[in-house]
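Asker: Before I ask anything, let me first share the structure, which is written out below as structure tokens.
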Amino acid sequence: MDAKCTKQHHDISIEDCGTESPIVDEESEVSEDSTICDADFKPTGLNSKKLLQILDRSFSLDDESMEEPLLSFEYSISQKNENTESGVDLSTPNSLREKSICSILRRGSCFENKSNTSLDSCHSSASSRRVSFPSDDSELASYLYPEQEQHLEMGIKSSEEVLEVYENSCKHHKTIELDIIKNQIAEIKNNINHSATFNLCSINLTNDVNETLEDLLKVANFQRITLSDCKFTSDTISEFLDMLEYYESTKELEVSVKFESNEAWQSFCNACMNLDMLEVISFKGMCISEEYMRKLLHAVKSNSKITTLRFDSCELDMMPSFYLVDSLKSNTTLRELYLPSSKLYSREAQCLGNFLQVNSHLKVLDISNNFIGDRGLDNLSKGLVKQNIPGSGLSVLIVFNNQLTEKSGPIINNLINFGKNLHTLNVGYNNLTDQVLMDVKDGLIETNSLEGFGLQCTLLTCKGIFSLAEAIEGNTSLLKINLKGNKAIQVHGLERLCNALTNSKITKIEIDDINRSCSDPSGYTQVVKRLNAICTVNKTFVVDNRDEEITNISRVISRKVSLSCEPRFLIPDVKHALTSPIQLSAMSPTPLTSPAPKSRFQIISVPENSPRSLSRFKVTPVISPSPEDDEIQNRFANVRSSVSSNESMDSLSVQPD
């Protein structure tokens, strides 16, 4: 017991310790600040010997009895010495009631009950935990807290048992059972090793719902928890995030909601900072301002377990600078950064290039479905080629669908040739043409690090395949190539590729199994089967060195990345794209006028089941388009032609996202 004992108002000399002290008048005044054990103490008729007994710390008090006021020290000592040394007569409890003192550790006194309540009944209900003081002054007095409860109930519960827990919780808290939660619980196969997913879509996070979710989190944890279009307040989202933190419920948080207040966003960032199991934070379709980004990145920096950040189709505040990458320059724990469909242009690509010059800890960079163009890729490559320390630097670069043209051939060749740590490069869904493969042929022969090369939908023909086959024969590192979507490849081009594969280590070629655009579709299919068979044979000759993979994190990550592209169609931001005089002149052609309608009316068919219709057709007036609609339509009328004619791909074009 941590008691503060202050000096009494009446000093007692050491010479009096062996003799009885004079009786202290009960009516004598006592200083208000004279306390013993944080309680007002009024000395009674005790001699010095009894006072020494009072200071003896060998007595103990029951934990439950701590809720009631302490008796006088005469009674305490008499309890310890079994009424032998103190000489206090318990048959007269009235005098003791007058001399009882209060304690902040207790709420009431057992003597406040009826007069016939015995003293023994006050202490008969003591709990097993006791507060005691050692008899030896040299010993350390301390209190041992009970062991903390395990967050999850031990043992793997079946999905039926977990569902029963949820249903009972809903009944107990008198809330509605949500089908979206029950259906997901029914699909849980293993609820204890962070393998299942949990999607909270369009759920109103009220206090009652949080209560039921807490009971669920006590018996299950998840690999990913998704918050999508949920309704909540700053208090309820804070409670939910506190539960995730306490029960260590997930390794990945996927968020697609709108935070109405700074308090709610701050609660989210605090949870990200304190979640020990959290490794991945994903945002989808959200608008994140610079103020919100600062708080988020502070949480990411504080939690060393967070290794992955995803901003999928998010509106990021990039003015006046790309604060996201600027603040991550000193981050040493982040390994993967995904920025797909975030409307990045050459200026943001330049910021990313500067970032790669000073940060060699990032392993994966995904900027797919953006608008960086040839100039942006050039800016990015200037930082990437400076990462020339083996095993330290970017391992995976995904830039598919970024308005790249054949002018990026030399840039891609530099990335392959000088990127000593680059193991996967995906440049699919760009207008590269055969010229790019002719430009990168030398780089593919020289590299000994590149293992995956994505060339999906890049307008390749047999001419480009011949250059690729020649590079494959001299390459010693390539394992995977994606050639899907290149419909102009003919049978003789695949025949040349098959011959090259017999002298390579390539184990997988992704290509269309059927090509109706080919002059010989059946022959094409047969060659593709032979190509896949050769890759299968190559797998048996590849040395599978697991120890090397474990030590090389870059190689391990790159082999997990798929080369298949998932393009999305976006319209670029006009104001953001027009940043140079060249682009302004290129995007200012003579506006094309819409053809004038031949008539002010048009005839449309009437549904057969339409009531009160005497005719199968009706005449309606033609609504002329507004000047603003004409301007928007004409702005993108010749997008493809302007793209091919511009020096940079930063110009506007409608591209797959």
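The values are calculated or read from the model by the stated rules, or taken from the named source; none is laboratory data. Model, not experiment: these values are computed from the prediction. Please note: Cβ atoms are built from the backbone with ideal geometry, for glycine as well, and neighbour counts cover all protein chains shown. Ligands, DNA and RNA are excluded from the accessible area calculation, which covers all protein heavy atoms including side chains. Shrake-Rupley method; radii C 1.70, N 1.55, O 1.52, S 1.80 Å.
Asker: From the phi of every residue in the stretch 295-303, what ³J(HN,Hα) in whole Hz does the Karplus formula 6.51 cos²θ - 1.76 cosθ + 1.60 yield, where θ is phi - 60° and glycine or proline is x?
Answerer: 5, 5, 5, 5, 5, 5, 5, 7, 9
Asker: Okay, next question. How large is ³J(HN,Hα), in whole Hz, for each residue of the stretch 393-399 in order, when computed from phi with the Karplus curve 6.51 cos²θ - 1.76 cosθ + 1.60 and θ = phi - 60°, using x for Gly and Pro?
Answerer: Coupling constants for the stretch 393-399: x, 5, 9, 10, 10, 10, 10 Hz.
Asker: Could you order E263, E245, E252 so the one with the most accessible surface comes first? Probe is 1.4 Å.
Answerer: Result, largest first: E263, E245, E252.
Asker: Accessible area of the stretch 302-434 with a 1.4 Å probe: how many percent of it is carbon plus sulfur?
Answerer: About 49 percent, which is the carbon plus sulfur part of the accessible surface.
Asker: Another question, then. Can you list the residues, at least 5 places off or on another chain, whose amide H is less than 5 Å from the amide H of N430, using H built in the peptide plane?
Answerer: When sequence neighbours closer than 5 places are left aside, the close amide H contacts are N401.
Asker: Could I ask something else about it? How many nm is it between the label spots at D242 and D179, if each spot is 7 Å from the Cα in line with the beta carbon?
Answerer: In this crude spin-label approximation the distance works out to 3.3 nm.
Asker: Dipole of the stretch 256-337 (Lys/Arg Cβ +1, Asp/Glu Cβ -1, origin at the Cα centre): which of S302, F283, F268 lies farthest to the positive side?
Answerer: Ranked along the dipole, the leading option is S302.
Asker: Same structure again: Net charge near L278: determine it from the other residues with C-beta under 12 Å of the C-beta of L278, scoring Lys and Arg +1 and Asp and Glu -1.
Answerer: Counting the neighbours of L278, the net charge comes to -3.
Asker: Could you compute the net charge surrounding Q456? Neighbours are other residues with a C-beta less than 11 Å from the C-beta of Q456; K and R count +1, D and E count -1.
Answerer: Taking every other residue near Q456 into account, the sum is -2.
Asker: If a/c stays under 1.5 just call it rounded; otherwise compare a/b with b/c (prolate if a/b is bigger, oblate if not). Do that for the stretch 307-365, with a ≥ b ≥ c from the square roots of the Cα gyration tensor eigenvalues.
Answerer: oblate
Asker: Between T502 and S228, what FRET efficiency follows from the Cβ-Cβ distance if R0 is 51 Å, with the result rounded to 0.05?
Answerer: Plugging the Cβ-Cβ distance into 1/(1 + (r/R0)^6) gives 0.55.
Asker: Note down the magnitude of the dipole of the stretch 230-286 about its Cα centre, charges +1 on Lys and Arg C-beta and -1 on Asp and Glu C-beta and zero elsewhere, to the nearest 20 debye.
Answerer: 300
Asker: Provide the per-residue ³J(HN,Hα) series for the stretch 245-261, in order, calculated from phi with Karplus coefficients 6.51, -1.76, 1.60 and θ = phi - 60°, each as a whole number of Hz, with x at glycine and proline positions.
Answerer: 5, 5, 8, 6, 8, 8, 9, 9, 10, 10, 10, 9, 9, 10, 7, 7, 9
Asker: Further question on the same structure: Tell me the per residue accessible area of the stretch 270-388 using a 1.4 Å probe; a whole number in Å² is fine.
Answerer: 36
Asker: Next question. Return the long-range amide H neighbours of E315 (sequence gap of 5 or more, or a different chain), with a cut-off of under 5 Å between placed amide H atoms.
Answerer: Excluding prolines and chain starts, which carry no amide H, the hits are M286, C287, I288.
Asker: Between beta-carbons, use under 13 Å as the cut-off and find the net charge around P320, counting Lys and Arg +1, Asp and Glu -1.
Answerer: Net charge in that neighbourhood comes out at -3.
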